[in-house]
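Below is one structure, written out as structure tokens; the observations come after it.
The values are calculated or read from the model by the stated rules, or taken from the named source; none is laboratory data. Being a predicted model, the structure only gives us computed values, none of them experimental. Note: ideal-geometry Cβ built from the backbone for every residue, glycine included; neighbour counts use all protein chains shown. Note: areas computed on protein heavy atoms with side chains; ligands, DNA, RNA excluded. Shrake-Rupley method; radii C 1.70, N 1.55, O 1.52, S 1.80 Å.
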Amino acid sequence: MNSQIDFSVLNVSTIEIPESERIPLLRDFYCRGVLKAEVEARNGKPAAANFTSHILPEAQLLMGGLCGARVIRTRQLVADGDDSLALIVNRSGVLGISERGHDLALRAGQAVLTSAEDVTTFERLSLGSCFSLRVPRRVLAPMIVDVDDAVMRVMPESSTGLRLLVDYAMTLVREKAFDTPALRQLAVGHLHDLLALVLGATGETRELAGRRGVKAARLQKAKVSIANNCWRQDLSVTAVAQELGVTPRYLQRLFEADGKTFSSFLTEQRVKRAHRMLREPEYAERTVSSIAYDVGFGDLSYFNRCFRRTYGATPSDVRSGEVP
């Protein structure tokens, strides 16, 4: 992994690529966006893939799927000095991984840590997709007692922090958090913490990971849940806390540490949704009061006050186009 690269995104899709050009295309993608590896056709089947790689300082995220081909980290390529470690999470289908004398068939939800220092073969045994987080060995070595003990050990879907790590990473990508340098550095640190937790960090490292990575991931997950469900008038801190598996007070403290309250964030999301609806032609026939109730407000006067406080204008001003 090249720590000099600040941030870049690489995409590859074979949908409109002739079959004869797909293997060279995938080989180039892996070498530039993942790690140096050979890619070869499997059993004469046409290769097909759709991947996105996010290359970050001291982290690389890969999401997507591959079929009809195998990816091989050969003995010759292992000599390139790349010592990165990758957590591979199989999201659907069956993924075959061979390394260190082990031949694994990862089922949906299972995960395993692999090492770029070892000869490895990745082979999609049935159609599906995966997620991986790759980091330099020097990041994990101080956080895990013996990181090599974790390599090629299958982790079930219920492993501590695994679902939280994947959800957090996917949210970061979806919300384009990596586009902002300050958020990028913070997010990568949280990913490191969550990865250490998944791999069995203990003692002080586990406590630190809980304070930083776990809290950040839970807060992000709570915000996504609120944004997606803010229209529900019965949405409460208790309901969201139950969804996350934490207490309402714990969730409230997460928001307080972020400089907000649960209620203020919920109101903010409702007002934003109303603002979008007022500007969209498809809602032009709807009254302001109807929109206010649809986004979750139960009191029209309160909605108007919140809207004016946020945008410095009335809902009618925004609808008429007098203000953006």
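Quick rundown of the values:
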{"quantity": "With DNA, RNA and ligands ignored, accessible area of residue 192 (1.4 Å probe; Å², nearest 10)", "calculated": "20"}
{"quantity": "Residue 212 versus residue 146: modelled label distance in nm, points set 7 Å from Cα along the beta carbon direction", "calculated": "2.6"}
{"quantity": "Segments 286-293, 262-269 sorted - mean Cβ within 10 Å per residue, highest first", "calculated": "262-269, 286-293"}
{"quantity": "FRET efficiency for residue 242 and residue 264, using Cβ-Cβ distance with R0 set to 22 Å, rounded to 0.05", "calculated": "0.60"}
{"quantity": "Inverse of mean 1/r across different Cα pairs in the stretch 9-49, Kirkwood, Å", "calculated": "10.6"}
{"quantity": "Convex hull projection area averaged over all views, the stretch 54-204, Cα basis, nm²", "calculated": "9.0"}
{"quantity": "Protein accessible area in the stretch 33-150, 1.4 Å probe - carbon and sulfur %", "calculated": "50"}
{"quantity": "Normalised per residue, the volume of the convex hull around the Cα set of the stretch 52-103 (Å³)", "calculated": "119"}
{"quantity": "Top of 282, 40, 99 by mean-square fluctuation, Gaussian network on the chain, Cα under 10 Å", "calculated": "282"}
{"quantity": "Descending principal axes extents, the stretch 76-126, alpha-carbon based, whole Å", "calculated": "31, 16, 15"}
{"quantity": "Whole-number accessible area per residue in Å² for the stretch 217-321, which is evaluated in the context of all protein chains at 1.4 Å", "calculated": "54"}
{"quantity": "Gyration tensor over alpha-carbon atoms, the stretch 184-324, equivalent ellipsoid semi-axes in Å", "calculated": "37, 15, 12"}
{"quantity": "Set of lysines near residue 260 by C-alpha distance (under 29 Å), chain-local residues within fewer than 8 positions excluded", "calculated": "176, 215, 221, 223, 272"}
{"quantity": "Relative contact order for the chain, counting Cα pairs under 8 Å that sit 6 or more residues apart, in percent", "calculated": "11"}
{"quantity": "Angle between the chain longest axis and helix 248-257 axis [Cα atoms, degrees, rounded to 10]", "calculated": "90"}
{"quantity": "Contour minus Cα-Cα distance for residue 234 and residue 125 (0.36 nm per residue)", "calculated": "34.8 nm"}
{"quantity": "Contour minus Cα-Cα distance for residue 92 and residue 276 (0.36 nm per residue)", "calculated": "62.7 nm"}
{"quantity": "Cα long-axis angle, helix 181-198 against the chain (0 to 90 degrees, to the nearest 10)", "calculated": "60"}
{"quantity": "Spin-label pair residue 308/residue 38, simplified geometry with 7 Å Cα→Cβ offset, distance in nm", "calculated": "7.3"}
{"quantity": "The chain - convex hull of the alpha-carbon atoms, volume per residue in Å³", "calculated": "164"}
{"quantity": "Förster radius 41 Å - calculated FRET efficiency between residue 108 and residue 300, Cβ distance, rounded to 0.05", "calculated": "0.30"}
{"quantity": "Computed label-point distance, nm, for sites residue 79 and residue 286 using a 7 Å Cα→Cβ extension", "calculated": "6.5"}
{"quantity": "Tail fraction, Cα-Cα pairs, the stretch 1-96, threshold 15 Å, whole percent", "calculated": "63"}
{"quantity": "Virtual paramagnetic centre 7 Å along Cα→Cβ of residue 153, amide N under 11 Å, in the stretch 102-124", "calculated": "113"}
{"quantity": "Distant-in-sequence amide H partners of residue 83 (H built 1.01 Å from N, under 5 Å)", "calculated": "137"}
{"quantity": "Cα-based helix-to-principal-axis angle, 19-33 vs the chain, degrees rounded to 10", "calculated": "80"}
{"quantity": "Spatial extent of the stretch 108-194: Rg and Dmax, with the Cα atoms as the point set, Å", "calculated": "14.3, 40"}
